[in-house]
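What follows is calculated from the coordinates using simple rules that are stated; it is not laboratory data. Note that this is a predicted model, so its numbers are computed, not measured. Cβ coordinates were reconstructed from backbone atoms using ideal geometry, including for glycine residues, and neighbour counts include every protein chain displayed.
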Amino acid sequence: MNTAQFRRLLLRWFLRHQRRLPWRGERDPYRILVSEIMLQQTRVAVVRERYKKFIVQFPTAEKLARAGEQSVLAAWSGLGYYRRARNLSRAAQEIAVRGRFPSTAAELLELPGIGRYTANAVASIAFGEPVAVVDGNVKRVLERLLAAEFASPAKAREELYWRHAAQLLDARNPGDFNQAMMELGATVCVPVQPLCRKCPVASFCAARGPLARKARPARRKAVQRYALVRREGRVLLQRRPQHSRLMPGMWELPLMEPEAESEMPPVLRLRHSITRTDYTIFVHAARNGGANGGKWHTLSSARRLPLTGLTRKILESLHA
């Protein structure tokens, strides 16, 4: 492969066709860090507006470091995977203690919750360090470009991605190149029906089309029922225990008492997915939610709480 030509064509395409995103073109390492952590396992369309609001509320690492966990979780509510918010908060506190933002991938890896991908992304985009990134989009691009290399399962497959990504990297423009590889995978070299005719580097591609689809584990189905207890314009909410495996410390509607489920028709039905489970959610009007440690909140005050994504969705549906 003529890597110099590959880099040139990819970067030219990126400069012309990249999506306009709130963090695109940003050089502030803190803002880049926030965007990269938000984008983990979350769609760009969801992150767009939430990123802007988060930056307005917490414009610097120092401001985030001084914020309480509850206010950080409230700002993160609806994005899911709340461990990311806690890790981001801890990372900001570590940066504040150091008195400066880490400027290399090796230093960034020392921050709480920061892995190889995030460290390399921030270091290359903010500081121009020539380190490659590998995410799901980059993996797909590499698998198609170098199909023979990934034809058979290999124990060191993960390192194979990183090695090839490093070999292709444009060391003079590492930030733009890394973003271009991710953008190509997100908008052109898509999973099922890649847009090969629009690909700027199609001439280098060994696959030219869909890859064999990987078998995915079957999704689980479940039903969950919640009690909607209202009084004088307020709603009863309870806080999840701090030892909960999922979303500790977040606020939600009380779960419905099992013996009361058949007595009250639902006032709201919706669908919600968490990791590998698809839930059918029923919300029932109730006189008593049986919530331990429950508290009354108006809808406006509830919005300032660290609500679970499902609870936020329920309250917004009721408000509408």
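Annotations for the structure displayed:
- Computed E for Ser300/Arg220 - FRET, C-beta separation, R0 41 angstrom, nearest 0.05: 0.70
- Listed residue pairs exceeding 22 Å between alpha carbons, taken from Lys139/Lys198; Lys139/Lys313; Lys221/Lys313: Lys139/Lys313
- For Arg48 and Asn288, a Förster radius of 51 Å and the Cβ-Cβ distance give a FRET efficiency of 0.80, rounded to the nearest 0.05.
- Each label point was placed 7 Å from the Cα along the Cα-to-Cβ direction; for Arg172 and Met1 their separation is 1.9 nm.
- Here's the picture: a label point sits 7 Å out from the Cα of Thr275 along the beta-carbon direction, and within region 241-255 the residues with their amide nitrogen under 12 Å of it are 245-247.
- Globularity ratio of the chain, using Cα Rg and 2.2 N^0.38 Å: 1.16
- Potential lengthening of the chain between Val267 and Arg240 amounts to 7.4 nm, from the contour at 0.36 nm per residue minus the alpha-carbon distance.
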